[in-house]
Amino acid sequence: MSVLLEIQHLSVSFRTPQGEVEAVRDVSLSLRSGEVLAIVGESGCGKSVLCRSVMKLLPKNGWIKSGTILAEGTDITHCTQRDMERLRGRLFSMVFQDPLTALTPAMTVGAQIAEAVRVRQPREPRAAVRRRVDPNGKPAETEYRVLSHTGGRALVELTPHTGRTHQLRVHMAALGCPLTGDWLYGTEDRTLIARPALHAARLALRHPASGEELALDAPLPEDMRKLLER
């Protein structure tokens, strides 16, 4: 079996206010195709630092003091970040221990995982992010009402009782009626509309200060209106 990863006499240090701290000292190992390697040790012994050294994800105050890292026989010890971007996700990946520091709260977990796949497989976006209705999945509910039929299309009112916008796309596709312009779940010509034909027609909320019930309505946008006129 070919050697996927080989580390030879690796030492890693950090600059601290108290001086240099050697976190990894003279480590050597090899990993062949089909093998599983477990690195075991007490907290703070350098396991994560060793893995971050391979990924070239050390903090600014850390550096590889000595040693060599070979990936599929190629020396990557002093690879630039641009070179490493071509290897991360293709040759090796890292699952970080703490999701609070590894993930951003500004995006859903699914979106962040899908983003990583998209970067590695830009020609296969469907396989990366498509979702489906599954009887064993989490409960999801969308209420729908057909408002009109025009030109072979239907104008449908959708009310999600769970989830977000993507849920509407998944549910309509599961019914056999994907949204026009939804390149992920539909098969229509993308020139019909440059986006999924989905529009926030009504927003109902309670005023945070007065408690008054408010409702905001928005007319059908031009690109969707033209679809119904075809």
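Here is a yes/no grid of residues against (1) in contact with a strand residue (DSSP E or B) (Cβ under 7 Å, 6 or more places away or on another chain); (2) farther than 22 Å from LYS138 by Cβ:
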| position | (1), (2) |
| --- | --- |
| ARG153 | no, yes |
| THR159 | yes, no |
| HIS166 | no, no |
| GLY186 | no, yes |
| ARG195 | no, yes |
| ALA215 | yes, yes |
| LEU227 | yes, yes |
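Just one of (1) assigned to a loop (DSSP other than H, G, I, E, B); (2) aliphatic (A, V, I, L, M); (3) modelled with pLDDT of 90 or more trips up VAL170, so point out which.
Among (1) assigned to a loop (DSSP other than H, G, I, E, B); (2) aliphatic (A, V, I, L, M); (3) modelled with pLDDT of 90 or more, VAL170 violates only (1).
Table: residues versus (1) of a type in the set (A, V, I, L, M, F, W, C); (2) within 23 Å of ALA102 (Cβ to Cβ).
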{"site": "GLU6", "(1), (2)": "no, no"}
{"site": "VAL12", "(1), (2)": "yes, yes"}
{"site": "MET55", "(1), (2)": "yes, yes"}
{"site": "LYS60", "(1), (2)": "no, yes"}
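So is GLU157 over 20 Å from GLY110 (Cα atoms), out of contact with any Leu (no Cβ under 8 Å at 6 or more places or on another chain) and either modelled with pLDDT of 90 or more or among the charged types (D, E, K, R) (or both) or not?
Answer is no for this residue.
Among (1) modelled with pLDDT of 90 or more; (2) outside any loop (DSSP other than H, G, I, E, B); (3) over 23 Å from the mean Cα position of the chain (by Cα), where does ALA204 come up short?
It is condition (1) that ALA204 fails.
State whether one or more residues within the range 208-225 are in contact with a Ser or Thr (Cβ under 8 Å, 6 or more places away or on another chain), surrounded by 13 or more Cβ atoms within 10 Å (Cβ to Cβ), of a type outside the set (Ser, Thr, Tyr) and not in a strand (DSSP E or B).
no
Look at ALA106 and say whether it is at pLDDT 75 or above and closer than 30 Å to ARG86 by Cβ.
It is true that ALA106 is at pLDDT 75 or above and closer than 30 Å to ARG86 by Cβ.
Can you name the residue in the range 184-196 that is in contact (Cβ under 8 Å) with a residue 24 or more places away in the chain and surrounded by 12 or more Cβ atoms within 10 Å (Cβ to Cβ) and is also nearest to the chain's Cα centre (by Cα) among such residues?
LEU184
May I ask you to list pairs of residues, at least six apart or on different chains, whose Cβ atoms are under 6 Å apart, with the first in the range 22-35 being farther than 13 Å from SER11 by Cα and in contact (Cβ under 8 Å) with a residue 12 or more places away in the chain and the second being of a type in the set (Val, Ile, Thr) and not in a loop (DSSP other than H, G, I, E, B)?
As it stands, the answer is SER30/VAL3; ARG32/VAL3, since those pairs meet every condition given.
The values are calculated or read from the model by the stated rules, or taken from the named source; none is laboratory data. What you see is a predicted model, and the numbers here were worked out from it, not measured in a lab. Here Cβ is always computed from backbone atoms with ideal geometry, including for glycine, and neighbour counts include all displayed protein chains.
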